[in-house]
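The values are calculated or read from the model by the stated rules, or taken from the named source; none is laboratory data. Quantities reported herein were computed from a predicted structural model and do not represent experimental measurements. Positions of Cβ are generated from backbone atoms using ideal geometry, with glycine treated the same way; all protein chains shown enter the neighbour counts.
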Amino acid sequence: MKCKVQLIGRLGSDADINTLPNGQVVATLSVVTEEYWKDKQGNPQKRATWHRVKFWNESTVGFIQRNIGKGQLVEIEGSFRYEEYDDSKGVHHKAALINGSNILPLHPLTKAHDNAATSDNGPDNDDQIPF
């Protein structure tokens, strides 16, 4: 059986694109989802949850490089798993990870993001993004 995941959230930063020693490319995304509700007293509440998503398909990684950026609202499909690793101090960790299979931008990148990505003197929109 497979655990299918569907997220709708915003990217906390541009994708981290890496090429592994075997030549395979991987895109790692940090995506935040938010839940809203009212407590028993009627006060609005909000919870943000951060998710780490990896894409391994080369054509999808290329699509992410060209079309996906910080602050953008996206829909992601994939499968859930745990990744285990030992840190530099030898401590063993187990972290939740989503292996992405599909990504859909729910709004296009803004022109300001495109300019900032291609020019050192482009506008810096970090102050406008709440994370």
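Selection within the stretch 70-100: residues that are surrounded by fewer than 17 Cβ atoms within 10 Å (Cβ to Cβ) and among the polar types (S, T, N, Q). The member of this set that is farthest from the chain's Cα centre (by Cα) is Ser88. Condition check for Gly90 on (1) at positive phi; (2) touching a His at 6+ places or on another chain (Cβ under 8 Å): one failure, at (2). Screening the stretch 105-116 for residues that are more than 13 Å from Leu11 (Cβ to Cβ) and not in a loop (DSSP other than H, G, I, E, B) and picking the one that is modelled with the highest pLDDT gives Lys111.
Looking across the stretch 14-38 at every residue that is part of a loop (DSSP other than H, G, I, E, B) and not polar (S, T, N, Q), the one that is surrounded by the fewest Cβ atoms within 10 Å (Cβ to Cβ) is identified as Pro21. Evaluated against (1) at pLDDT 90 or above; (2) over 19 Å from Ser30 (Cβ atoms); (3) not in a helix (DSSP H, G or I), Gly62 falls short on exactly one condition, (3).
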